[in-house]
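Below: one structure, written as structure tokens.
The values are calculated or read from the model by the stated rules, or taken from the named source; none is laboratory data. The structure presented is a predicted model; accordingly, all values stated were derived computationally and were not measured. Glycine also receives a Cβ, built like all others from the backbone with ideal geometry; neighbour counts cover every protein chain displayed. For accessibility, only protein heavy atoms count, side chains too; no ligands or nucleic acids. Shrake-Rupley method; radii C 1.70, N 1.55, O 1.52, S 1.80 Å.
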Amino acid sequence: MNAIHESNGGFAAGLNEPQREAVLTTEGPVLMLAGAGTGKTAALTARLAHLLRQRLAWPSEILCVTFTNKAAREMRERVGQLIGPSVEGMPWLGTFHAVAAKMLRRHAELVGLQSNFTIIDTDDQLRLLKQLIQAEGLDEKRWPARQLAGLIDKWKNRGLNPADLDALDNEAYANGKGQRFYALYQNRLKDLNACDFGDLLLHMLNIFKRERDILAMYQERFKYVMVDEYQDTNAVQYLWLRLIAQTRKNICVVGDDDQSIYSWRGAEVANILRFEKDFPGAKVIRLEQNYRSTPHILGAASGLIAENAERLGKTLWTERNGGDKVRVIGVWDGPEEARRIGEDIERLEREGCSLNSIAILVRAQFQTREIEDRFIQIGLSYKIVGGFRFYERAEIRDALAYLRLVAQPSDDLAFERIYNTPKRGLGDKTLEKLHRHARARAIPLAAAAVEICDTDELPTRARNTLAALMRDFARWRDEARTLVPAELARTLLDESGYTAALQAEKSAEANGRLENLSELARAMEEYETLGDFLEHVSLVMDNDRGEHEEKVTVMTIHAAKGLEFDQVFLPGWEEGVFPSQRALDEGGLASLEEERRLAYVAITRAKKRCTILHAANRRIYGQWTSSIPSRFIGELPADHVEEETTLSGGASLWRAQWSEHSDPFADVARAQPARTVTRGPGWQRAATQGYDPAPRRLPEATRSAASFAAKPRADIGPGARVFHDKFGYGTVAAQEGNKLEIDFETAGRKRVIDSFVKPA
């Protein structure tokens, strides 16, 4: 080994035997099967440095692809530390999309583009699809552009062109028009000399298939191909790589089949599982020595993932000794789960543990709400990574804007946010007219909307739409006097069309937003009045601490992949939550195995201690529902687990009864009274001014916007000659308050508001 160390200038120092083997095996296909925390990045960068240091290839003769710009930048920096500035001459080290874009610019004419083509972003893509949908006379509310964008992205990830779609794909959009719209979209992109991100790889795959001389050129150019996170490749990435590497077969892929958790965005674990079949004679090198976690954490994770059938197999181990067993804690309900996590973190903080080294990893974003509320109550600093804090998410802000406008019709900011959300066909011109009238009359926008709908100021369609919305708000204010806040929120979201708009998208993102809205309504069940709830929200939103303060990290398990923390809390390990019932319904056994891989990723984020929590009861849609622990808890090896529960039987009972699908908590589940929430100081008075604390009664400020007094202008009356920006010159025929009936020279008699005219 000393000879190896010296011959490579010291860059291999510190690598273990399998890592060194991966570095020095340069010829032929290599699969570096790297478990969690086994130093795969160190091995990958050392291998790249070795190829360059030994002059086995020039920097321009190595193709090295990653999934993120951060990973590519880190690899470039690490290799630069090993071999110096020559790494800057590596033009083909980057993300899949960056490398494919560089190739495509050289051959753009072969797919009908010019070399200076534009790469459009998601917003431009949606705008373009909406134009196509409207041009074809389709109802965009029934067949949303976002749904079509998701389908097109999925087809491109699978390497499919419009002509490649089968009958099932074609039926996925607009009752058999999927193929047509996909083709229309691709043609429109060519007209614009543009492509989306999915096109970068798909176009190059098409070029490689049709232009064999170009494929041969790249096969000859790249003496070595290296791929990071191979388990996350989708079909088009896999096909693109396989074509490039088929001639020399000097391809080294690094990945972990046990950490393939992104099927929802096109990743196929089968790509890494069949690597040996794609490249016969491939050498499989297992990196199994873990440098991150304790033996108990590794033992629990390894025992769990062993339940998966579709895996290549490896066993993580460590030279470290001691450490705590994985704790499995059973609690009564969700609020107790949040309290327990808060208490444990406060204890750790008192013992000198940094909050920055603590993470709470959830299966779905909606789970963070109760935890955030608890942390606010006890003054524990936290941050949401990979997303927004619960009350800052777009769909939650939209819902709160509706509720604020019900409670306070003079809330112009809330009105502006939702008057065209979901899309109602009310554009900027309508809002401009409302602002103009509101300023002239010194009244809120909602009141201006009520007044202007009684005139001809707006086009008929916009006037009718706005009038219907204002009638809805009047009805919701009446209902708010009798409905509890949670039921009011559910009614409002359904009747406004907001829920239906998300359901129509039929995407994983939309499903997550619907879950968040359900959790919002669940949060409101603890409050007797709408005012109390909005006061609580303002307190939460005002709890923004300094950027440099230590904070607990709260994030989804998906977002935590690649990270590590000393202390990890994993709440919500119950059937239906984790594994996700929606995932099981949609994907069956394959989805169950991916959920198990996700659990494996969650446990292996912990360095010193891992705590799993499950609740016997969850409040869902206003009803207490009994829950059973996740099957994953029953699959954890007992030797590595320490159970703690106030519930009869706990995980041991779960292990014994899971095979019979019985519910160990069925006899003890019962409804619990709503907990009392302790509120602290600091909420913004302006946000809740005018609220009456009496239960189920809203303040006088919630009277209908139509009740604002309408005072007529003194300088305009019957017989006056006036001018209107839209209708031109006319004569006032009649006057009622601030509303005028005017005989216009070209538009006929119209009913308008006096603030929109001026003396002629």
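Restricting to the stretch 153-184, name every residue that is closer than 17 Å to ASP199 by Cα, open to solvent by 50 Å² or more (accessible area, probe 1.4 Å) and either in contact with a Ser or Thr (Cβ under 6 Å, 6 or more places away or on another chain) or among the hydrophobic types (A, V, I, L, M, F, W, C) (or both). Walk me through how you get there before you give the answer.
Of the stretch 153-184, the ones closer than 17 Å to ASP199 by Cα are 153-165, 179, 181-184.
Imposing the further condition that a residue be open to solvent by 50 Å² or more (accessible area, probe 1.4 Å) reduces the set to 153-154, 158, 163-164, 179.
Answer for the stretch 153-184, where residues must be closer than 17 Å to ASP199 by Cα, open to solvent by 50 Å² or more (accessible area, probe 1.4 Å) and either in contact with a Ser or Thr (Cβ under 6 Å, 6 or more places away or on another chain) or among the hydrophobic types (A, V, I, L, M, F, W, C) (or both): just ALA163.
Just to be sure, is LEU138 open to solvent by less than 60 Å² (accessible area, probe 1.4 Å), touching a residue at least 24 places away in the same chain (Cβ under 8 Å) and more than 28 Å from VAL236 (Cα to Cα)?
For LEU138, the condition - open to solvent by less than 60 Å² (accessible area, probe 1.4 Å), touching a residue at least 24 places away in the same chain (Cβ under 8 Å) and more than 28 Å from VAL236 (Cα to Cα) - is met.
Any idea which of (1) out of contact with any strand residue (DSSP E or B) (no Cβ under 9 Å at 6 or more places or on another chain); (2) part of a helix (DSSP H, G or I); (3) open to solvent by less than 80 Å² (accessible area, probe 1.4 Å) is the one HIS97 doesn't satisfy?
Condition not satisfied by HIS97: (1).
Any chance the stretch 418-432 includes a residue that's touching a residue at least 24 places away in the same chain (Cβ under 8 Å), part of a helix (DSSP H, G or I) and open to solvent by 30 Å² or more (accessible area, probe 1.4 Å)?
Within the stretch 418-432 (the criterion being touching a residue at least 24 places away in the same chain (Cβ under 8 Å), part of a helix (DSSP H, G or I) and open to solvent by 30 Å² or more (accessible area, probe 1.4 Å)), the answer is no, since none of the residues qualifies.
Name the residues in the stretch 294-324 that are within 28 Å of the chain's Cα centre (by Cα) and surrounded by fewer than 22 Cβ atoms within 10 Å (Cβ to Cβ), would you?
ASN308, GLU310, ARG311 - these are the residues of the stretch 294-324 that are within 28 Å of the chain's Cα centre (by Cα) and surrounded by fewer than 22 Cβ atoms within 10 Å (Cβ to Cβ).
Only residues that are under 17 Å from the mean Cα position of the chain (by Cα) and part of a helix (DSSP H, G or I): list them for the stretch 356-397, please.
GLN365, PHE366, GLN367, THR368, ARG369, PHE390, TYR391, GLU392, ALA394, GLU395, ILE396, ARG397 - these are the residues of the stretch 356-397 that are under 17 Å from the mean Cα position of the chain (by Cα) and part of a helix (DSSP H, G or I).
Of the residues ARG477, ARG522, which is under 27 Å from ARG582 (Cβ atoms) and of a type in the set (Lys, Arg)? Don't jump to the end; show me each part of the working.
Values: ARG477 fails: under 27 Å from ARG582 (Cβ atoms).
Step by step, each of ARG477, ARG522 is checked, and only ARG522 is under 27 Å from ARG582 (Cβ atoms) and of a type in the set (Lys, Arg).
Residue under question is GLY150, and the condition is that it be at positive phi and open to solvent by 10 Å² or more (accessible area, probe 1.4 Å); does it hold? Even if it seems obvious, please write down each step before you answer.
Details: at positive phi: no; open to solvent by 10 Å² or more (accessible area, probe 1.4 Å): yes.
No, not satisfied.
Which condition does LYS156 not pass, out of (1) in a helix (DSSP H, G or I); (2) free of Cβ contacts under 8 Å to residues at least 60 places away in the same chain; (3) basic (Lys, Arg), if it passes all the others?
Going through the list (1) in a helix (DSSP H, G or I); (2) free of Cβ contacts under 8 Å to residues at least 60 places away in the same chain; (3) basic (Lys, Arg), LYS156 breaks only (2).
Among GLN237, GLN219, which is assigned to a helix (DSSP H, G or I), of a type in the set (S, T, N, Q) and over 27 Å from the mean Cα position of the chain (by Cα)?
Values: GLN237 fails: over 27 Å from the mean Cα position of the chain (by Cα).
It is GLN219.
Which residues, taken from the stretch 276-293, are crowded, with 18+ Cβ neighbours inside 10 Å and under 21 Å from ASP566 (Cβ atoms)?
Hits for the stretch 276-293 are ASN290, ARG292, SER293.
How many residues are open to solvent by less than 30 Å² (accessible area, probe 1.4 Å) and among the polar types (S, T, N, Q) if we restrict to the stretch 368-389?
2
Has the stretch 73-93 got at least one residue that is more than 27 Å from GLY281 (Cα to Cα), crowded, with 18+ Cβ neighbours inside 10 Å, within 34 Å of the chain's Cα centre (by Cα) and touching a residue at least 40 places away in the same chain (Cβ under 8 Å)?
Yes: the stretch 73-93 contains one or more residues that are more than 27 Å from GLY281 (Cα to Cα), crowded, with 18+ Cβ neighbours inside 10 Å, within 34 Å of the chain's Cα centre (by Cα) and touching a residue at least 40 places away in the same chain (Cβ under 8 Å).
Taking interchain pairs and intrachain pairs at least six residues apart, which have beta carbon atoms under 7 angstrom, with the first residue in the stretch 592-621 and without any contact (Cβ under 8 Å) to a residue 40 or more places away in the chain and the second in a strand (DSSP E or B)?
Close Cβ pairs (under 7 Å, with a partner that is in a strand (DSSP E or B)) amount to GLU595/SER580.
Within the stretch 34-54, is even one residue part of a strand (DSSP E or B), under 30 Å from PRO295 (Cβ atoms), among the hydrophobic types (A, V, I, L, M, F, W, C) and touching a strand residue (DSSP E or B) at 6+ places or on another chain (Cβ under 9 Å)?
Yes, that holds for at least one residue.
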